[in-house]
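Below is one structure, written out as structure tokens; comments come after it.
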Amino acid sequence: MDFDGSERRSQPTPGQVTSAKIVIAGGFGVGKTTLVGSVSEITPLTTEAIMTSAGLGVDDVDDIPGKTTTTVAMDFGRISIDRDLILYLFGTPGQTRFWFMWDELVRGAIGAVVMVDTRRLADSFAAIDFFENRRLPYLVAINCFHRKQYHDVQDVRDALAITTDVPVVSCDARGRESTKQVLISLVEYVLTMRRQHATAPA
């Protein structure tokens, strides 16, 4: 079965390239745009706009005082994991007033990365609920701001009340190798889930 869910009519030929769509989600200001930009092998498409007075009382920037821009549609990037697999990355807008676009952005995705800032864990609940309700595989990526991880993985898992099979990993959204490993972990998780589903008794 291909990543888009369709049955292959024949075995993959050597050198055949597979592409897959991954969604990068999470709360406002958690580092989604930074992750896409750090790992993309092409100049990323971003829809960053200067935050204006219209966001006062709507966007909570108390914990991110240096933030002056926000994603208003999506971020887009691409990375080749190896010669046979290309990932297309779609970053979601974080503010609740833009969530109406999420259903369209996740269409055709094989899985999602939910980025979290442990200083604002509550901002992650909506994204987790969104993917669980749609049965889309996801992993949680703890963005280590200032290269510090304030809580360990198990504490984050417990706080988010996610099951033990959902991967929780740490990363630095600014580091290409770090974020690339997050994407590889997600692909491996998706493949594991699909193998289990394929071998499960009817």
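In this structure, Ala112 qualifies as surrounded by 13 or more Cβ atoms within 10 Å (Cβ to Cβ) and either part of a helix (DSSP H, G or I) or in contact (Cβ under 8 Å) with a residue 40 or more places away in the chain (or both). Looking only at segment 115-133, residues that are crowded, with 20+ Cβ neighbours inside 10 Å and polar (S, T, N, Q) come to 1 in all.
Here's the yes/no breakdown for (1) closer than 18 Å to Gly91 by Cα; (2) out of contact with any helix residue (DSSP H, G or I) (no Cβ under 9 Å at 6 or more places or on another chain):
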residue: Met101; (1), (2): yes, yes
residue: Gly108; (1), (2): yes, yes
residue: Val116; (1), (2): yes, no
residue: Leu121; (1), (2): no, no
residue: Phe125; (1), (2): yes, no
residue: Phe131; (1), (2): yes, yes
residue: Leu136; (1), (2): yes, no
residue: Phe145; (1), (2): no, no
residue: Tyr150; (1), (2): no, no
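Output yes when any residue across segment 142-149 is out of contact with any Leu (no Cβ under 7 Å at 6 or more places or on another chain), among the hydrophobic types (A, V, I, L, M, F, W, C) and within 17 Å of Ser185 (Cβ to Cβ), and no when none is. Yes: segment 142-149 contains one or more residues that are out of contact with any Leu (no Cβ under 7 Å at 6 or more places or on another chain), among the hydrophobic types (A, V, I, L, M, F, W, C) and within 17 Å of Ser185 (Cβ to Cβ). Condition first: part of a helix (DSSP H, G or I) and surrounded by 19 or more Cβ atoms within 10 Å (Cβ to Cβ). Now tell me which residues in segment 138-180 satisfy that. Once the filter is applied, which keeps residues that are part of a helix (DSSP H, G or I) and surrounded by 19 or more Cβ atoms within 10 Å (Cβ to Cβ), segment 138-180 yields Val156, Ser178, Thr179.
Which residues, taken from segment 120-156, are among the hydroxyl-bearing types (Ser, Thr, Tyr) and more than 21 Å from Met193 (Cα to Cα)? Outline the logic, then answer.
First, pick out the residues of segment 120-156 that are among the hydroxyl-bearing types (Ser, Thr, Tyr): 124, 138, 150.
Passing the criteria: Ser124, Tyr150.
For Arg119, the conditions (1) modelled with pLDDT under 95; (2) in a loop (DSSP other than H, G, I, E, B) are fulfilled apart from (2). Pairs meeting the criteria (first residue in segment 18-32 and among the polar types (S, T, N, Q), second residue modelled with pLDDT of 90 or more and assigned to a loop (DSSP other than H, G, I, E, B), beta carbons under 8 Å, at least 6 apart or on different chains) are Thr18/Asp84.
Does Leu183 satisfy the criteria of being modelled with pLDDT of 90 or more, surrounded by 14 or more Cβ atoms within 10 Å (Cβ to Cβ), within 14 Å of the chain's Cα centre (by Cα) and outside any helix (DSSP H, G or I)? Step through it out loud before you land on a result.
On the way: modelled with pLDDT of 90 or more: yes; surrounded by 14 or more Cβ atoms within 10 Å (Cβ to Cβ): yes; within 14 Å of the chain's Cα centre (by Cα): yes; outside any helix (DSSP H, G or I): no.
The answer is no for Leu183.
Scanning segment 128-137 for residues that are on the phi < 0 side of the Ramachandran plot and either polar (S, T, N, Q) or not in a helix (DSSP H, G or I) (or both) yields Asn133, Arg134, Leu136, Pro137.
The values are calculated or read from the model by the stated rules, or taken from the named source; none is laboratory data. Keep in mind the model is a prediction, meaning the values are calculated, not measured. Here the Cβ is made from the backbone with ideal geometry for all residues, glycine too, and neighbour counts use every protein chain on show.
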